[in-house]
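Please read the structure below before turning to the comments.
The values are calculated or read from the model by the stated rules, or taken from the named source; none is laboratory data. Just so you know, these numbers come straight off a predicted model, no measurement behind them. Note that each Cβ is placed from the backbone with ideal geometry, even for glycine, and that neighbours are counted across all protein chains shown. In case anyone asks, the SASA skips ligands and DNA or RNA and just uses the protein heavy atoms, side chains included. Shrake-Rupley method; radii C 1.70, N 1.55, O 1.52, S 1.80 Å.
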Amino acid sequence: MKRVTREVSVGGVKIGGRNNPIAVQSMTTCDTRDIETTVAEIIGLEEVGCEIIRVAVPDIVAAEALGEIKRRINIPLVADIHFHHELALESVRQGVDMLRLNPGNIRDETKVREVVEAAKKARIPIRVGVNFGSLPPVGKIGVSRGGSRLQDGVNQLPKAGDSEGGYAVADHMVATALWEIGILEALDFEDIKISLKAFDVPTTLDAYRKLAPLVPYPFHLGITEAGTPFSGGIRSAVGLGILLSEGIGDTIRVSLAGDSREEVKTGFEILKSLNLRSHGPTLIACPSCGRADVDVLKLAAQVDEALKGVKTDLKVAVMGCEVNGPGEAKDADIGIAGGNGRAIIFRKGVKANIVPESDMLDALMAEVRKG
């Protein structure tokens with residue numbers, strides 16, 4: 001059952017609540033101070049379905065660029081703030097749709113209060129973004145100055161997964177989130193979204209599960225610094241998939257060391273695999289084996305490439321033999337089952353055509369184009 005939360009609006013995207021879809025977001029990889037490059041990257045992300053975009057704000061020049069960037073894009077803009085609360089204040093002045101604050105590196109309550117008051121006046125939400133790599137020292141939340149637990153050099157955290165003494169790193173992530181949430185709530189601010197990210201999947205799961213019953217706010221899910229598209233995609237699919245299947249999560253980002261558009265594509269595939277979102281075609285492809293009478297691997301690769309320009313929500317099956325082929329092909333919106341130099345094309349479970357192997361791709365895509 002889906003965890004029901006307060007509803008938060010990020011620009012025109014509604015997050016949480018009871019029935020709002022899980023949103024897919026990403027973060028730009030370029031220098032935010034370079035307005036042209038940043039806008040171009042965001043437009044590319046919009047084209048693959050990105051619904052919310054976050055940008056780094058490392059200095060005042062980047063903060064001052066946000067207004068122009070926002071004017072030239074079509075999706076909500078989130079400012080990612082670390083260390084300097086002045087950058088958050090300038091981002092608000094520039095008209096961003098949301099702030100992301102890391103409680104591990106802005107721990108002066110006076111400064112946090114200034115940011116909260118500015119966000120309240122602008123009527124924009126704040127994401128409390130807790131990351132394992134930048135947590136405050138154990139027992140020093142809101143007390144110690146300095147950038148991170150590593151710079152403080154005291155009260156070091158346990159390693160990910162370590163629960164010695166009954167206090168695991170996930171517990172500290174939850175405590176850190178609750179500390180900042182408490183500051184926001186004390187200022188009568190409840191337009192909050194929360195993330196609790198670690199590279200370690202079990203730690204991430206533990207943190208989200210522990211916080212879920214304690215607060216009414218929507219969650220942004222992610223496995224931080226997940227890795228390259230291959231390994232990071234798998235790690236993210238496992239972590240996010242488990243939480244989503246438990247009804248936890250309202251927005252997601254797949255953090256990959258690569259083209260940011262791959263984050264969005266992977267995010268939608270994760271949601272599609274759980275029947276949580278529909279977003280363009282879904283390809284069912286036979287892995288092939290010694291029973292296959294046609295080159296199903298080649299055909300599947302060709303169909304996968306051809307489907308990239310299709311926006312319609314369709315289930316397309318490419319199957320290679322008589323065992324599972326006809327059944328899977330019939331179950332899809334459009335399917336092809338190859339065998340003995342020819343193939344049967346199905347449409348909504350009904351045989352639509354029989355074509356020779358040489359015409360399989362063209363015939364299948366002709367059916368796809370019919371919608």
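Worth pointing out:
- Percent RCO, i.e. relative contact order, over the chain, from Cα pairs under 8 Å lying at least 6 residues apart: 12
- Entry note: segment 189-321 has Rg to Rh equal to 1.06, where both radii use alpha-carbon atoms and Rh is the Kirkwood radius.
- Structure-based [θ]222 nm, the chain - -39500 (n - 2.57) summed over DSSP H runs of at least 4, per residue, nearest 500: -11500 deg cm²/dmol
- Set of lysines with alpha-carbon distance to LYS265 below 21 Å, sequence-local pairs under 8 removed: LYS14, LYS197, LYS308, LYS311, LYS315
- Pairwise FRET efficiency - ASP31 versus GLU117, Cβ, R0 = 30 Å, nearest 0.05: 0.50
- Antiparallel bridge percentage (DSSP; both residues within the chain; nearest 5): 35
- Shown in residue order for segment 343-357 are the 3J(HN,Hα) couplings computed by the Karplus curve 6.51 cos²θ - 1.76 cosθ + 1.60 at θ = phi - 60°: 8, 9, 9, 10, 10, 6, x, 10, 4, 9, 6, 10, 10, x, 3 Hz (x for Gly and Pro).
- Spin-label model, GLU46/ASP359: points 7 Å from Cα along the beta carbon direction are separated by 4.2 nm.
- Reachable aspartates and glutamates, given that their alpha-carbon falls under 13 Å from the alpha-carbon of LYS2 and they are not under 8 places away in the same chain: GLU246, ASP250
- Mean projected area of the convex hull spanned by the Cα atoms of the chain, taken over all viewing directions: 20.3 nm².
- Protein-only accessible surface order, largest first, of ASP188, ASP295 at 1.4 Å: ASP188, ASP295
- What segment 21-137 shows is 36 Å² of accessible area per residue, with the surface traced by a 1.4 Å probe over protein heavy atoms.
- Segment 244-310-segment 2-52 distance, computed between alpha-carbon centres (Å): 20
- Pairwise label distance in nanometres, PHE83 with LEU276, each label 7 Å out on the Cα-Cβ vector: 3.4
- The accessible surface of the chain, taken with every protein chain in place and a 1.4 Å probe, is 50 percent carbon and sulfur.
- With a Förster radius of 41 Å applied to the C-beta separation of ALA366 and GLU190, the computed FRET efficiency comes to 0.20.
- What the pair-distance distribution of segment 1-125 shows, using all Cα-Cα distances binned every 10 Å from zero, is 13, 43, 34, 10, 0 percent.
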